[in-house]
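**Q** Below you'll find the structure I mean.
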Amino acid sequence: MRLSRAILAAASIFTIAASTSASAEGVTVDDLLKDQSTAGDVLTNGQDIRGQRYSPLDKINTTNVASLAPAWVFQYGGEKQRGQEAQAIVSDGVIYVTASYSRVYAIDAKTGTEIWQYESRLPEGILPCCDVINRGAAILGNKIYFGTLDAQLVALDKKTGKVAWRKRMGDFKAGFSYSATPLIVPSKHGPLIVTGTSGSEFGIVGTVDARNVETGELVWSRPTIEGHVGTLLGKPSTMTGKKNESWPGDMWKWGGGAAWLGGTYDPDTKQIFMGVGNPAPWNSHLRPGDNKWGCGRIALNPDTGEINWGFQTTPHDGWDYDGVNEVISFDAGGKKLAATADRNGFFYVLDRTNGKFVNGFAFAENITWAKGLDKNGRPIYNKDNYPGDPKKSKDGKKGKGVFVVPSFLGGKNQMPMAYSQQTGLFYVPSNEWGMDLWNEPVSYKKGAAYLGAGFTIKPIFKDHIGSLKAVDPISGKIVWAVKNKAPLWGGILSTAGGLVFYGTPEGYLKALDAKTGKELWKFQTGSGIVAPPTTWEQDGEQIIGVSIGWGGAVPLWGGEVAKTVKHLNQGSSYWTFKLPKKMAAN
Ligand code: CA
Ligand code: CA
């Protein structure tokens, strides 16, 4: 009797202690792993550490979404605006969102009132390739983490916005910059914060780096390009691949392969999935071979940083088809699968346990560079759709030009797709466009553009470039497609309310029926949307939130397409939406 009472007392003390310490230590790795199923917060990029961007919330649904209305809007302010590509984190009633020019805001989720603002001082001479954007913050414990345009990783106190630590990820003068969302994963070393960097257009060599979340110290580093040696706990570890196996001569030394879009994590197989950008330079005649792992996906062991498997979507890339796009884990037919929609216009389904090709098909129209995929998922090239070798031209300065579809901005670029557990479909924000492309001579020089190519992006259809596509990963069928005049550049959110949310450069946030693609709601926000929407529950109501502000790569690199979107106005704000109180109660 006495004993059981003692046990009970001890148990209740333990329970209290556990809950107290949990709140003191803030967000845990376990909270990150189960983010999708906890509707009161959004703790990961993708509303899910696997990146599914699917919410089980259904309070806003196909029957009532037409009444969705703004709750509040928050202005990022500042004289400079530019593209806002971030997904917000929402935790304990606070929204943490990053904005252009390496800024972070903490906002009261109920009222839209600012709690703090942090702006990283940027040096002269930063080299971001594709606008001064940032794609979002990460959260763990009582810290908020984000990366800056001069390639620093910064940890902030989530209550005050004060800097806890700051680490350099690369030399910005050599072309390193950072725009992705850091990924936090469990490992035998404790939680690690995992990042890539940008910079393939300047001949940097990509690495995936994992750091201690408390100190920022490097735990391991894995180069993405064959021939380079990684590190583990301060010592050299292993070489990525074999030197000169898929790269000629010294070209691997400036081989690009920036893992610039960040990654996802699969708790089931305990692997980090990262995408790898283009091999450098763009002029493919200078680097015969497959150029691993340029334009590929790699699965990494979080304990060691070793590559478990790699899958190249565009071996020997000649078109800047960066292979960075997100790898999303999902299960179907009793199989552990992962899907990714590539810049090169093809959609891939892989066995995520070993990276073996399961299924693949074109999601972009009129692809010219490849006839299709073989049984291993390797492209069947149209060899004459590589731009010509400048060495074979009369003056040696400009190789034969070609018209290629898709353009290097891709059948799909950085804007993340969503998977719906309700429909089993992927919702892919895609674009239909082509490019004139030619090669030029180039040699590596620190901090200088390392392309060896010239280009002009052009529309291929009169009435649209953007096309949101509902894709069946198993049958390869495009179930429906909704066209958009301007290129789509924001991401997608799918919900158990049978809805798909997305924004357009024309300024509309829209909700479609996930089954049919029928438009059920739209709202004009006043500037272009190039960020993915998110959703969470607050005081019993479902909220939709999204960052607003036109910009990103299209106005800067878009050639003839950029001219068609010149009239779109910049902006910079965060919007929330909910149902009117009366309706939400029904
Ligand atoms: Ca959650
Ligand atoms: Ca690139």
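The values are calculated or read from the model by the stated rules, or taken from the named source; none is laboratory data. Note that the structure is predicted; figures quoted are calculated from it, not measured. Backbone-built Cβ (ideal geometry, glycine too); neighbour counts: all protein chains shown. The accessibility values were calculated without ligands, DNA or RNA, using every heavy atom of the protein model including side chains. Shrake-Rupley method; radii C 1.70, N 1.55, O 1.52, S 1.80 Å.
**Q** Could you grab the Rg to Rh ratio for region 370-529? Cα atoms only, Kirkwood for Rh.
**A** 1.07
**Q** Among Tyr386, Tyr105, Tyr508, what's the order by accessible area (1.4 angstrom probe), most exposed first?
**A** Tyr508, Tyr386, Tyr105
**Q** I need the per residue convex hull volume for region 226-283, using only the alpha carbons, in cubic angstrom as a whole number.
**A** Cα-based convex hull of region 226-283, divided per residue, equals 119 Å³.
**Q** Take every Cα-Cα distance within region 256-324, group them into 10 Å bins from 0 onward, and report for each bin the whole-number percent of pairs it holds.
**A** Over region 256-324, the share of Cα pairs per 10 Å bin runs 24, 48, 22, 5, 0 percent.
**Q** Starting from the Kirkwood radius over alpha-carbon pairs of region 169-243, derive D by Stokes-Einstein at 4 °C in a medium of 1.567 mPa s and give it in µm² s⁻¹.
**A** Roughly 100 µm²/s, to the nearest whole number.
**Q** On the full set of protein chains, 1.4 Å probe, figure out the accessible area of His189 and give it in Å² to the nearest 10.
**A** Around 60 Å² of this residue is reachable by solvent.
**Q** A follow-up question, please. I'd like to check one number: the per residue accessible area of the chain, probe 1.4 Å, reported in Å² as a whole number.
**A** I get 37 Å² per residue for this part.
**Q** If you project the alpha carbons of region 22-104 onto the principal axes, what extent comes out on each, in Å, largest first?
**A** Largest first, region 22-104 extends 40, 39, 24 Å along its Cα principal axes.
**Q** Just the Kirkwood number for the chain, please: inverse of mean 1/r across all distinct Cα pairs, in Å, one decimal.
**A** 23.9
**Q** With a Cα-only, solvent-free Debye model of region 430-502, what are the log10 I(q)/I(0) values at q = 0.15, 0.25 Å⁻¹?
**A** -0.73, -1.14
**Q** If you don't mind, there's one more thing I want to ask. Give me log10 I(q)/I(0) at q = 0.18, 0.21, 0.23 Å⁻¹ for region 87-177, Debye formula, one equal scatterer per alpha-carbon, no solvent.
**A** The calculated log intensity ratios at q = 0.18, 0.21, 0.23 Å⁻¹ are -0.75, -0.97, -1.12.
**Q** Provide Rg over Rh for region 208-257; use the alpha carbon set for both Rg and the Kirkwood Rh (inverse mean inverse pair distance).
**A** Radius of gyration relative to Kirkwood radius: 1.07.
**Q** Run the Debye formula on the Cα coordinates of region 313-409, all scatterers equal and no solvent, and tell me log10 I(q)/I(0) at q = 0.10, 0.14, 0.19 1/Å.
**A** For region 313-409 at q = 0.10, 0.14, 0.19 Å⁻¹, log10 I(q)/I(0) is -0.33, -0.57, -0.90.
**Q** Cut-off under 13 Å on the C-alpha distance; same-chain residues fewer than 8 positions from Lys582 excluded. Which aspartates and glutamates are left, in chain and number order?
**A** Once the sequence-local aspartates and glutamates are set aside, what remains near Lys582 is Glu541.
**Q** Based on the Cα gyration tensor of region 145-279, what are the three equivalent ellipsoid semi-axes, each the root of five times an eigenvalue, rounded to whole Å and given largest first?
**A** The equivalent ellipsoid of region 145-279 has semi-axes of 25, 18, 13 Å.
**Q** Distance check, please: which entries in Lys522/Lys581; Lys242/Lys398; Lys335/Lys375; Lys243/Lys446 exceed 27 angstrom between their Cα atoms?
**A** Long pairs (Cα-Cα over 27 Å): Lys242/Lys398.
**Q** Using the Kirkwood formula on the Cα atoms of region 411-468, what hydrodynamic radius do you get, in angstrom to one decimal?
**A** Numbers: mean 1/r = 0.0685 Å⁻¹.
That comes to 14.6 Å for region 411-468.
**Q** While we're here: Run the numbers on the chain and let me know its relative contact order in percent, using alpha-carbon pairs under 8 Å that are six or more apart.
**A** 14
**Q** I've got another one for you. In the chain, carbon and sulfur make up what percent of the accessible area (probe 1.4 Å)?
**A** 53
**Q** What is the Cα coordinate range of region 520-586 on the first, second and third principal axes, sorted by size from largest, in whole angstrom?
**A** Principal-axis extents of region 520-586 (Cα, largest first): 49, 18, 18 Å.
**Q** Given the pairs Lys158/Lys469; Lys59/Lys563; Lys391/Lys469; Lys356/Lys510; Lys477/Lys510, which span a C-alpha to C-alpha distance of over 30 angstrom in this model?
**A** In this structure, Lys158/Lys469; Lys59/Lys563; Lys391/Lys469; Lys356/Lys510 lie more than 30 Å apart at Cα.
**Q** A further question on this structure: For region 451-484, state which trypsin sites (Lys or Arg not before Pro) are in a DSSP loop and have at most 16 other beta carbons lying within 10 Å of their beta carbon.
**A** Lys462, Lys477
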